[in-house]
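Notes for the one structure printed next.
The values are calculated or read from the model by the stated rules, or taken from the named source; none is laboratory data. The structure displayed is predicted, hence computed values, not measured ones. Because the Cβ atoms are built from the backbone with ideal geometry, glycine has one as well, and the counts that use them run over all protein chains shown.
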Amino acid sequence: LESRIRELESELDGEQRRYQETNKSLTKHERRIRELQFQVDEDRKNAERTRDLIEKLQNKLKSQKKQIEEAEELANVNLQKFRQIQHQLDDAEERADHAENSLSKMRAKSRSGMTASPGVQISQSSILRSSSRVQF
């Protein structure tokens, strides 16, 4: 009977040690679970912040693309206006060259006409008036 009591006491001691070890292990695992749960929560928050940031950046990108398109459109309009005005300038310069050439020819003709027929007098102002009426 005493040996049975010692055997049971020994078994009880062993069970108590296993129970303590199991409790330690349980506490350790519960702590690990809390740590992991905290990490999961942090990861969720970070993921949400990242999604928000991505959305903001996409909106900013869309806005900047729109600004680029508007700027390109404005640049094209301005380029077209520039080309049109450049064409008008070229035409005006060409007309001015023709007018200057015509005026020079008229003056030369007038001078030669004045010397050729001394009885006919043409005033310089009448030559200028007639050349200003010439249209090209």
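Can you tell me which residue among ILE54, ILE68, ILE85, ILE33 is more than 45 Å from the chain's Cα centre (by Cα), in a helix (DSSP H, G or I), surrounded by 10 or more Cβ atoms within 10 Å (Cβ to Cβ) and at negative phi?
Values: ILE54 fails: more than 45 Å from the chain's Cα centre (by Cα); ILE68 fails: more than 45 Å from the chain's Cα centre (by Cα); ILE85 fails: more than 45 Å from the chain's Cα centre (by Cα).
One residue alone meets the criteria, ILE33.
Quick check, is ARG18 assigned to a helix (DSSP H, G or I) and modelled with pLDDT under 95?
On the way: assigned to a helix (DSSP H, G or I): yes; modelled with pLDDT under 95: no.
No, not satisfied.
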Legend entry - Any hit, the stretch 113-123, residues being surrounded by 10 or more Cβ atoms within 10 Å (Cβ to Cβ), at pLDDT below 95 and touching a Ser or Thr at 6+ places or on another chain (Cβ under 7 Å): yes
